[in-house]
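The values are calculated or read from the model by the stated rules, or taken from the named source; none is laboratory data. The structure presented is a predicted model; accordingly, all values stated were derived computationally and were not measured. Note that each Cβ is placed from the backbone with ideal geometry, even for glycine, and that neighbours are counted across all protein chains shown. With ligands, DNA and RNA removed, areas are computed over all heavy atoms of the protein, side chains included. Shrake-Rupley method; radii C 1.70, N 1.55, O 1.52, S 1.80 Å.
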Amino acid sequence: MGTKTVDETGVKTDEHKTDEAADAAEATEAPESIDVTKAAEAPEAAGTDTPAEDADASTDEDTDEGPDGTGTEGTGAAPTGVGQGAGAVVSAGLGIVSLTGSWVGTVASARESLMGQLQTSSSSDVGTLVEKGYGNAWQATAMWGGIFALVALIVGVVVLARPAFGAPGRPQAPWIKSVAWAGVALGVIGLLLAVLKYTDVLLGLPATG
């Protein structure tokens, strides 16, 4: 820095003015250099996490995990067992129909009875009249009862075996098992009775001679 000189009259010279301008410039530049340095150091003091890393961290935290620690994202809804319950009810209903009769079996029985009357005449012997008029009709009823029983048995078995081909570790509802087993039992009973009646072992035709 230059030395301030004053002439004898007390007026500042050009050299003195030049020195004052240099001092003012240095005083003005000093804060700017400090601010620039602080601005450069600010990101380092704030931390090194980037927005992308923050987004990845938040995504990992928001990912839901199941009871076994595995992620559940992208998995479908768990099966509710509605289809198995409906199948069990259908099986039990068909088993009941096989024992009590259905309109299909009634119509088939009436049709066989009508055909037997058309195929016989008043001159036919009693055995032929009984066989054509009643035997065939009873066999038609037994046949349709056996069909319903067989379907009930198949549906019940499928419902009981369904969990083995579904999601592992997901037990079947107890009421579904109970109803399905009821359908299977009714189906077995109905099928057995139908076979016995169709073969005339149970409730056969009366002897005519």
What FRET efficiency, computed as 1/(1 + (r/R0)^6) with R0 = 22 Å and r the Cβ-Cβ distance, is obtained for Val130 and Val201, rounded to the nearest 0.05? 0.80
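For the stretch 117-209, which whole percent of the accessible surface, found with a 1.4 angstrom probe, sits on carbon and sulfur atoms?
Details: 4130 of 5890 Å².
Answer for the stretch 117-209 is 70 percent, counting heavy atoms of protein chains only.
So if R0 is 45 Å, what FRET efficiency would Val188 and Val82 give, r being the distance between their Cβ atoms, rounded to the nearest 0.05?
Given R0 = 45 Å and the Cβ-Cβ separation, E is 0.95.
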